[in-house]
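Below you'll find the structure, written out as structure tokens, and then a few comments.
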Amino acid sequence: MTIDLIPPNLPLLPPEEVRIEQVRATLYPDRRRVRVEVSITPFRERPNLEIVLRNGAGRVVASASAVAVMNFRLAFTLHLRDSADPSPDYLATVILYYDDPQSPQDEQDAPLTDAPVTPSQGY
């Protein structure tokens with residue numbers, strides 16, 4: 001029995017062509033956690049991600065690292081560090097890199113939204 005995790009005709013890109021397709025940051029109803037969803041172009045070699053959530057003043061209020069991700073669609077739950085009520089001026093930044101996070105291959109921002117989080121969103 002063979003289980004195909006990747007569709008057989010999907011073109012897998014070399015590292016230099018891998019990009020972030022979409023980032024979405026959604027506040028959970030408890031207002032203490034944020035769901036960050038990331039879509040990446042199909043890849044041959046597994047990239048790394050840095051996810052940072054900043055408040056309106058630019059201060060980091062949550063962060064996460066993902067090393068050698070295995071999927072093209074990912075979802076992370078970040079727990080907010082400060083006690084202030086999150087506002088729409090919060091910004092999630094996702095950095096994609098292979099060797100050095102200081103020299104990212106791609107970077108994308110997404111504002112924090114208050115939309116309800118549902119587990120059936122495909123991530």
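Just a few scattered comments:
- When residues of the range 51-77 are limited to those that are within 10 Å of the chain's Cα centre (by Cα) and buried (at least 17 other Cβ atoms within 10 Å of the Cβ), the one nearest to residue 95 (Cα to Cα): 51
- Strands (runs of 3 or more DSSP E) within the range 20-123 that include 1 or more residues over 23 Å from residue 10 (Cβ atoms) and in contact (Cβ under 8 Å) with a residue 40 or more places away in the chain: 20-27, 33-40, 48-54, 73-79, 91-97, 106-113
Values in this text are rule-based calculations from the coordinates and carry no lab data. Keep in mind it's a predicted model, so treat the numbers as computed, not measured. Cβ sites come from the backbone with ideal geometry, for glycine too, and all protein chains shown count toward neighbours.
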